[in-house]
Amino acid sequence: MTIWSVIGAGVAGLAVASELTARGAKVQVFDPKGPPGPHGCSWWAGGMLAPWCEYENAEEPVLRLGQEAIAWWADRTAVSRCGTLVVANARDVPDLRRFARRTEAFCEADRERIAELEPDLHGFSKGLYFGQEAHLDPRQALHDLYHYLEGQGVVFHHKLAPAQLENAIDCRGLQARDALPDLRGVKGEMLVVRCPDVTLNRPVRLLHPRMPLYIVPRGDGIYMLGATMIESEDSNRITARSMLELLSAAYALNPVFGEAEVLEIGVDLRPAFPDNMPRIRRLGRTIYANGLYRHGYLLAPALAQGVADLVLENKHSEMVDEDRA
């Protein structure tokens, strides 16, 4: 029986391994850094399954394929289907109107509706409510995929041996630039804070001319604040400007965030191709699945399904890079 060797245990690799395993394939996973943790880009994601909001500045496949991700994840981990609320300060209402023109599947929210959805938001009279969107806890999702695979008998290896890499599927993210020179890194910076005196029920996006902020509830008064999108290869530390703007934006949502306890500071480099869309590319005897950009959890299911279609049925999804495959 063919054994598929998935390299990388981030969201891309675990999703690919999960999809292959669910279809009856024999899989082993290689990652020298071990189980999911802070070393991986996927650890620091927002976990928003928000295809309609993302469509504001993304390509059409993000909207179409992203809608299918909600059900895929709901079969594998806990998914909260509370929608997304987008708000703007009074001076930035033109940005809210522009956001509305570029997307769909929302209801306009006035001051009363915003207060009904999120009583702890103050000072916002206009917003957009995307009721079909969802979110998950990225760390829990990674652990759930990992434990599912372990339960299915998938073996995880922490040392790469070339002789073991038959039928390799490379999901290493930015580390795969040794074979994919058109990959680039896009820096993301985010904070994890504890603020038990504020209760938010769903992801909230605050539109801002310099840096749109999202804040995602993690439960027990813990929130993820993110995230910058900087064309930079420096993943060592957050900038002072980014931290100030993230905290200032949270303060604008509710001044009580000024008393929040900063639990974690995260910096990562997201792998992206020039058009910011993922690719499945066959080079020699290796298949590369990469380039999720800022859409890791939103597009990982479609990437995984595309890989499984290719290796098990020789079907080419739209993510297969035909020019190089």
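The values are calculated or read from the model by the stated rules, or taken from the named source; none is laboratory data. Note that the structure is predicted; figures quoted are calculated from it, not measured. With ideal geometry, Cβ positions are generated from the backbone for all residues, glycine too; neighbour counts draw on all protein chains shown.
Restricting attention to the stretch 57-75, the residues that are over 25 Å from GLU313 (Cβ atoms) and either among the small types (Gly, Ala, Ser) or modelled with pLDDT of 95 or more (or both) add up to 2. Inclusion of PRO301 among residues that are surrounded by fewer than 16 Cβ atoms within 10 Å (Cβ to Cβ), farther than 30 Å from PRO196 by Cα and within 19 Å of the chain's Cα centre (by Cα) is not warranted.
The residue list GLU60, GLU108 contains one member that is in contact with a strand residue (DSSP E or B) (Cβ under 8 Å, 6 or more places away or on another chain) and among the charged types (D, E, K, R), which is GLU108.
Pairing each residue of the stretch 273-295 that is touching a residue at least 60 places away in the same chain (Cβ under 8 Å) and farther than 14 Å from GLY13 by Cα with any residue that is assigned to a loop (DSSP other than H, G, I, E, B) and basic (Lys, Arg), provided the two are 6+ apart or on different chains, yields C-beta distances under 9 Å for ASN276/ARG294; ARG281/ARG324; LEU283/ARG324. Counting only residues that are under 18 Å from the mean Cα position of the chain (by Cα) and surrounded by fewer than 18 Cβ atoms within 10 Å (Cβ to Cβ), the stretch 81-98 holds 2 of them.
Given (1) acidic (Asp, Glu); (2) farther than 23 Å from ALA249 by Cβ; (3) assigned to a strand (DSSP E or B), where does GLU108 come up short, assuming only one miss? Of the numbered conditions (1) acidic (Asp, Glu); (2) farther than 23 Å from ALA249 by Cβ; (3) assigned to a strand (DSSP E or B), the odd one out for GLU108 is (2). Going by what's in this entry, would VAL62 be described as under 15 Å from the mean Cα position of the chain (by Cα), buried (at least 21 other Cβ atoms within 10 Å of the Cβ) and β-branched (Val, Ile, Thr)? When the stated conditions are applied, VAL62 passes them. The single condition among (1) in contact with a strand residue (DSSP E or B) (Cβ under 9 Å, 6 or more places away or on another chain); (2) of a type in the set (Asp, Glu); (3) within 26 Å of LEU299 (Cα to Cα) that ASP92 does not meet is (3).
For the stretch 12-56, filtered to residues that are part of a loop (DSSP other than H, G, I, E, B) and hydrophobic (A, V, I, L, M, F, W, C), the residue that is modelled with the lowest pLDDT is ALA45. Just one of GLU133, GLU189 is closer than 28 Å to ILE238 by Cα and in contact with a Ser or Thr (Cβ under 6 Å, 6 or more places away or on another chain); which is it? Of GLU133, GLU189, the one residue that is closer than 28 Å to ILE238 by Cα and in contact with a Ser or Thr (Cβ under 6 Å, 6 or more places away or on another chain) is GLU189. Within the stretch 305-317, work out how many residues are assigned to a helix (DSSP H, G or I), farther than 13 Å from TRP4 by Cα and either touching a helix residue (DSSP H, G or I) at 6+ places or on another chain (Cβ under 8 Å) or free of Cβ contacts under 8 Å to residues at least 24 places away in the same chain (or both). Selection size over the stretch 305-317: 3. Filtered by the rule that a residue be within 30 Å of ILE114 (Cβ to Cβ) and assigned to a helix (DSSP H, G or I), the stretch 128-178 gives PRO138, ARG139, GLN140, ALA141.
Taking the stated definitions as given, is ARG210 charged (D, E, K, R), modelled with pLDDT under 95, more than 18 Å from SER18 (Cα to Cα) and not assigned by TED's automatic domain parsing to the domain that holds ALA25? Yes; evaluated as a whole, the condition is true for this residue. Restricting PHE124, PHE99 to those that are outside any helix (DSSP H, G or I) and either without any contact (Cβ under 8 Å) to a residue 24 or more places away in the chain or not basic (Lys, Arg) (or both) reduces the list to PHE124.
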